[in-house]
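All remarks here apply to the structure that follows.
The values are calculated or read from the model by the stated rules, or taken from the named source; none is laboratory data. Values in this document were obtained by computation on a predicted structure and should not be read as measured data. No Cβ is skipped: glycine too gets one built from the backbone with ideal geometry, and neighbour counts run over all protein chains shown.
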Amino acid sequence: MNTTINTKKFTVTALLTALAILIPFVVVFKVYIPPFSATLGSHVPMFLSMFLGPWAAVMVGLGSALGFLLTLGPIIGARAFMHVFVALAGSALIQRDVSYKKVAAITAPLHGLLEVLVVLPFVPFDAFHLFIVTGVGTMLHHGADAVIAYALLKALDRSRVFNAVRTHP
């Protein structure tokens, strides 16, 4: 891989990380049903980072965790930290030639389960709020953001910058 591509990949990763940090601050469409919350578009940088490789996925996930920690507190920040693992799994699947749609479908239950596990020690056991509101809610939010990211991927596919840094066509 040449230096130009490395520089572009680093730059796009930095931009996606910055976007992941900023989204919790600027997006006004939020749903909050404790312990669940959803901020529209917050998974989009994560989905895009999957195409840049595992290190980009980790950086963007950490940025998401930081943004949510600063805006909505430690529990939601810890839930956002799960984006690191979801993006890593998605990145590994993409590197194995799994289609984006399948990656989004495969990582949705992982995402829901990880967020349920994060909130489990902090809320009284209530199956409805844990598994339906948090688990299924996370999976639905994941799906909505996957659709937004897919539309952006189609548009970015035409750009030379994003196309040049993708690890997989």
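For the range 6-58, what are the residues that are small (G, A, S), touching a Pro at 6+ places or on another chain (Cβ under 9 Å) and over 22 Å from A89 (Cα atoms)? The answer is none; no residue qualifies. Which of the residues belonging to the range 22-41 are surrounded by 21 or more Cβ atoms within 10 Å (Cβ to Cβ), in a helix (DSSP H, G or I) and either modelled with pLDDT under 90 or among the hydrophobic types (A, V, I, L, M, F, W, C) (or both)? Listed by number, the list holds a single entry, I23.
Scoring R79 on the criteria (1) surrounded by fewer than 19 Cβ atoms within 10 Å (Cβ to Cβ); (2) under 24 Å from A56 (Cα atoms); (3) of a type outside the set (A, V, I, L, M) leaves a single failure, condition (1). All conditions in (1) touching a Leu at 6+ places or on another chain (Cβ under 6 Å); (2) farther than 17 Å from V84 by Cα hold for V28, with the sole exception of (1). Does the range 68-79 contain any residue that is out of contact with any Asp or Glu (no Cβ under 8 Å at 6 or more places or on another chain), within 27 Å of H129 (Cα to Cα), polar (S, T, N, Q) and part of a helix (DSSP H, G or I)? Yes, the range 68-79 contains a residue that is out of contact with any Asp or Glu (no Cβ under 8 Å at 6 or more places or on another chain), within 27 Å of H129 (Cα to Cα), polar (S, T, N, Q) and part of a helix (DSSP H, G or I). Only a single criterion out of (1) over 30 Å from K8 (Cβ atoms); (2) crowded, with 18+ Cβ neighbours inside 10 Å; (3) modelled with pLDDT under 95; (4) not β-branched (V, I, T) is not satisfied by L114, namely (3). Considering the range 142-158, and only residues there that are at pLDDT below 90 and farther than 14 Å from L16 by Cβ, the residue that is surrounded by the most Cβ atoms within 10 Å (Cβ to Cβ) turns out to be D157.
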